[in-house]
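The values are calculated or read from the model by the stated rules, or taken from the named source; none is laboratory data. If you're wondering where the values come from, they're calculated on a predicted model, not measured in any experiment. Here the Cβ positions follow ideal geometry from the backbone for every residue, glycine too, while neighbour counts run over all protein chains shown.
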Amino acid sequence: MNFWNAFCVKNPVFAKVMDLTPERRRRLKLRFMRPQFRNFGEILVAIERQPFLRGEGEKRWKVTFDWLIENDTNFMKVLEYRYSQNEDEATGKGASQKRVERIFWKWTKGSENEKA
């Protein structure tokens, strides 16, 4: 809950969790049984990288803490970038990272040509 609330401070479009109800505790306990959920920071990064989850879709829907912990599939879809609209969102790569990768690819390809 603390991670989520800190995330909400950084991203005020999301609502903080005010109370860890018995139902939320139950759901969190179930989610933490899944190893993928244990790295909650990775889930939050994935949310930041998918505009739809931030309310930037046509219907302005945005992810909530309760939706995230509701079942085993919601958080997995977030981690799998199922709500991304393009490759950059899905990979989390910005223009500078893609540029570095192109340069590296050209450099390694050039090295192979020199060996031939």
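Let me confirm something: among ALA95, ALA116, ALA90, which residue is modelled with pLDDT under 95, among the hydrophobic types (A, V, I, L, M, F, W, C) and surrounded by 13 or more Cβ atoms within 10 Å (Cβ to Cβ)? Even if it seems obvious, please write down each step before you answer.
On the way: ALA95 fails: surrounded by 13 or more Cβ atoms within 10 Å (Cβ to Cβ); ALA116 fails: surrounded by 13 or more Cβ atoms within 10 Å (Cβ to Cβ).
Being modelled with pLDDT under 95, among the hydrophobic types (A, V, I, L, M, F, W, C) and surrounded by 13 or more Cβ atoms within 10 Å (Cβ to Cβ) holds for just one of ALA95, ALA116, ALA90, which is ALA90.
Quick check: anything in region 79-89 in a helix (DSSP H, G or I), without any contact (Cβ under 8 Å) to a residue 40 or more places away in the chain and charged (D, E, K, R)? Don't jump to the end; show me each part of the working.
The first filter runs over region 79-89 and keeps only residues in a helix (DSSP H, G or I), leaving 79, 87-89.
Among the residues that remain, those that are also without any contact (Cβ under 8 Å) to a residue 40 or more places away in the chain are: 87-88.
Those still in the list that are charged (D, E, K, R) too: 87-88.
Checked region 79-89: at least one residue is in a helix (DSSP H, G or I), without any contact (Cβ under 8 Å) to a residue 40 or more places away in the chain and charged (D, E, K, R).
Given LYS29, LYS10, which one is loosely packed, with under 11 Cβ neighbours inside 10 Å and under 16 Å from THR73 (Cα atoms)?
LYS29
Only one of these conditions is not met by ARG60: (1) basic (Lys, Arg); (2) under 17 Å from ASN11 (Cβ atoms); (3) surrounded by 13 or more Cβ atoms within 10 Å (Cβ to Cβ). Which number is it?
(3)
Out of everything in region 34-62 that is in contact with an Asp or Glu (Cβ under 9 Å, 6 or more places away or on another chain) and in a loop (DSSP other than H, G, I, E, B), what residue ends up being farthest from ASN5 (Cα to Cα)?
Taking the candidates together, the pick is ARG34.
Report every pair of residues separated by at least 6 positions or lying on different chains whose Cβ atoms are under 8 Å apart, first residue within region 1-30 and in contact (Cβ under 8 Å) with a residue 12 or more places away in the chain and under 13 Å from LEU44 (Cα atoms), second hydroxyl-bearing (Ser, Thr, Tyr) and part of a loop (DSSP other than H, G, I, E, B).
Every condition considered, the pairs that remain are PHE14/THR64.
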